[in-house]
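Each remark here refers to the structure printed beneath this line.
The values are calculated or read from the model by the stated rules, or taken from the named source; none is laboratory data. A quick note: this is a predicted structure, and the numbers were derived from the prediction, not measured. Here the Cβ positions follow ideal geometry from the backbone for every residue, glycine too, while neighbour counts run over all protein chains shown.
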Amino acid sequence: MKQHYHYAFFDEGSKREIRRATLKAICIPGYQVPFASRELPIARGWGTGGLQLTLSLCGHGDHVKVIDQGSDESVNAVSIKNLISATTDVDIVRNTEEASLIQSRHRIPEVPLREDQILVLQVPEPEPLREYEPSERKTKQYHAEKEYTGAWLLLFEQIMKYGSMTTGADHPVMVNDRYVMAPSPIPKFDNPKMHQSKSLILLGAGREKKIYAVPPYTSIVSLDFEDYPFEAEQFHGKTCALCGAEHVFLDEIIHEEDGSVSYQCNDTSYCLKRRNAQRGECK
């Protein structure tokens, strides 16, 4: 028996409530806006925050792309795309340039985003101060007072212990010189892409019931020290084994047969587009 859903799964009242929280988040860059996180046929922790934003925003004529750690084909990405397809009439696309709405887990696409695109990031833990302050009331007070000593101290401890800042992902950023924000667990390689981004970036945490945003052309500065500046991952001398791309985020592939190491683009859509273009040139 075929099930009948509201358009984009939620009733209109639920979508309006999520949109109101989203508008507030856009007006106060980096501020975590609480919202009434809804139940979905996807377990919390598997992208429900980002999915609620996507479902509340998508409409007739939209083109939606969903990626999971750079891949269009992962189980999580496919499940989310199936739900969107079952409850809307939007086009599901793979090409980043074609998408009007992009939902992503833990990556920002390699292709620079435009002003007419929206990037939705899934967030497991939206509170950047949670590691040293378990109290929600206290973290709210720290944000209100712009008291971020603990965030700096965590980075300082990493330097004292390891000689450098070792946050491989979710490195905290200062938004518009006001709020410290967790940029979802994107790798440090992607942090600079948020600075003065042309697209609107929305971040949703379904389990923690928080929405926050980075409006277009907003200043984003990764936390660092004068004598220990922020450094993103570097892949000097390494290229993608499939398309030959340089200066992109690469996955290290260890071949079990002989123990050799190769590298591939983490963004599968970007890699596929380059390979198709190369085949066209060969023809």
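What's the total number of residues in segment 192-203 that are over 14 Å from G30 (Cβ atoms) and touching a strand residue (DSSP E or B) at 6+ places or on another chain (Cβ under 6 Å)?
The qualifying residues number 1.
Tell me the residue from R20, R44, R38, R16 that is more than 19 Å from S104 (Cα to Cα), at pLDDT below 95 and basic (K, R), please.
Answer to the selection: R38.
Give me the residue from segment 65-93 that is aliphatic (A, V, I, L, M) and in a helix (DSSP H, G or I) and, out of that set, farthest from R207 (Cα to Cα).
Among those residues, the one meeting the criterion is A86.
Look through A245, A232, A241 and report the one residue that is surrounded by 19 or more Cβ atoms within 10 Å (Cβ to Cβ) and either in a loop (DSSP other than H, G, I, E, B) or touching a Lys or Arg at 6+ places or on another chain (Cβ under 6 Å) (or both).
Only one candidate passes the filter, namely A245.
Among the strands (runs of 3 or more DSSP E) confined wholly to segment 145-223, which include 3 or more residues that are under 21 Å from the mean Cα position of the chain (by Cα) and of a type in the set (S, T, N, Q)?
none
Check off (1) in a strand (DSSP E or B); (2) in contact with a Gly (Cβ under 7 Å, 6 or more places away or on another chain); (3) more than 20 Å from T48 (Cα to Cα) for Y132 and give me the number that stays unchecked.
(1)
Conditions (1) touching a Leu at 6+ places or on another chain (Cβ under 8 Å); (2) under 17 Å from L200 (Cβ atoms); (3) without any contact (Cβ under 8 Å) to a residue 40 or more places away in the chain, marked per residue:
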position: A8; (1), (2), (3): yes, no, no
position: S14; (1), (2), (3): no, no, no
position: R19; (1), (2), (3): yes, yes, yes
position: T22; (1), (2), (3): yes, yes, no
position: Y31; (1), (2), (3): no, yes, no
position: P34; (1), (2), (3): no, no, no
position: R44; (1), (2), (3): no, no, no
position: S56; (1), (2), (3): no, yes, no
position: H63; (1), (2), (3): yes, yes, yes
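Pairs under 8 Å by beta carbon, first residue within 17 Å of K273 (Cα to Cα) in segment 89-100, partner outside any loop (DSSP other than H, G, I, E, B) and among the aromatic types (F, W, Y), six or more apart or different chains?
The qualifying pairs are T96/Y270.
Residue-by-condition table, conditions (1) of a type in the set (A, V, I, L, M, F, W, C); (2) closer than 19 Å to D68 by Cβ; (3) surrounded by 15 or more Cβ atoms within 10 Å (Cβ to Cβ):
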| position | (1), (2), (3) |
| --- | --- |
| I186 | yes, yes, yes |
| Y212 | no, no, yes |
| I220 | yes, no, yes |
| F225 | yes, no, no |
| F249 | yes, yes, yes |
| E256 | no, no, no |
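What residue, among those in segment 74-93 that are within 17 Å of the chain's Cα centre (by Cα) and not aliphatic (A, V, I, L, M), is nearest to C243 (Cα to Cα)?
Per the criteria, the residue is S74.
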